[in-house]
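J.: I'd like to ask you about the structure that follows.
What follows draws every value from the coordinates through simple rules; no lab data is involved. Not measured: the values here are computed from a predicted model. Glycine also receives a Cβ, built like all others from the backbone with ideal geometry; neighbour counts cover every protein chain displayed.
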Amino acid sequence: MVIKMLKIMDEACESVNGALGVNVKFPKPTKKQLQATQILNVTTGATCIALGMVSPYKKISLLGGLSLAGACFIGSQLKHFD
């Protein structure tokens with residue numbers, strides 16, 4: 001899904017680049033960068049969940065859960081990344 005999204009963004013940029021006469025390209029992440037992002041999301045998610053459990057602000061736990069869901073999504077995309 002991430003690879004497909006990057007291809008769609010590149011195609012859109014190429015058409016805009018041709019129309020405006022500029023050269024804009026999106027950087028493609030490496031596998032190492034995606035792994036670092038996954039680790040950061042897990043750390044942030046676990047910290048937010050723990051903080052939400054001990055503080056009166058329980059909505060922080062929801063943000064932590066979303067961060068963990070993002071880490072799971074990145075992990076599933078890493079399997080298809082070259």
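J.: Calculate one ³J(HN,Hα) per residue across region 69-79 by plugging θ = phi - 60° into the Karplus curve 6.51 cos²θ - 1.76 cosθ + 1.60, and present them in order as whole Hz with x for glycine and proline.
T.: Once rounded to whole Hz, the list reads 5, x, 5, 5, 5, 5, x, 5, 6, 5, 5.
J.: Turning to a different aspect of this structure: Just to check I understand the Karplus step: with θ = phi - 60° and J = 6.51 cos²θ - 1.76 cosθ + 1.60, what whole-Hz values come out for region 25-36, glycine and proline as x?
T.: So the J values, rounded to whole Hz, are 10, 8, x, 9, x, 8, 4, 5, 5, 5, 5, 5.
J.: Turning to a different aspect of this structure: Given a Förster distance of 35 angstrom, what is the FRET efficiency for residue 8 paired with residue 58, based on the Cβ-Cβ distance and rounded to 0.05?
T.: Working: r = 37 Å, r/R0 = 1.07.
Rounded to the nearest 0.05, the efficiency is 0.40.
J.: I want to check the label-to-label distance for residue 69 and residue 35. Put each point 7 Å from Cα in the C-beta direction and report it in nm to one decimal.
T.: 2.7 nm
J.: Calculate, for residue 78 and residue 47, the FRET efficiency according to 1/(1 + (r/R0)^6) with r their C-beta to C-beta distance and R0 35 Å; round to the nearest 0.05. Provide the component values of the computation, followed by the final result.
T.: Numbers: r = 22 Å, r/R0 = 0.63.
My answer for the efficiency is 0.95.
J.: Still on this structure, please answer the following. Please list 3J(HN,Hα) in residue order for region 5-11, calculated via the Karplus relation 6.51 cos²θ - 1.76 cosθ + 1.60 where θ = phi - 60°; whole Hz, with x for glycine and proline.
T.: 4, 5, 5, 5, 5, 5, 5
J.: Before rounding to the nearest 500, sum -39500 (n - 2.57) across all DSSP H runs of length at least 4 in the chain and divide by the residue total; then give [θ] at 222 nm in deg cm²/dmol. Write down the numbers at each step before the final one.
T.: Details: 3 runs with 63 residues, N = 82.
Calculated at 222 nm, the ellipticity per residue is -26500 deg cm²/dmol.
J.: If eta is 1.002 mPa s and T is 20 °C, what Stokes-Einstein diffusion coefficient results for the chain, Kirkwood Rh from Cα pairs, in µm²/s? Write down the numbers at each step before the final one.
T.: Details: Rh = 14.8 Å.
Estimated via Stokes-Einstein, D reaches 145 µm²/s.
J.: With no solvent and one point on each alpha carbon, what is the Debye value of log10 I(q)/I(0) for region 25-72 at q = 0.22, 0.23 Å⁻¹?
T.: Evaluating at q = 0.22, 0.23 Å⁻¹ gives log10 I(q)/I(0) of -0.69, -0.72.
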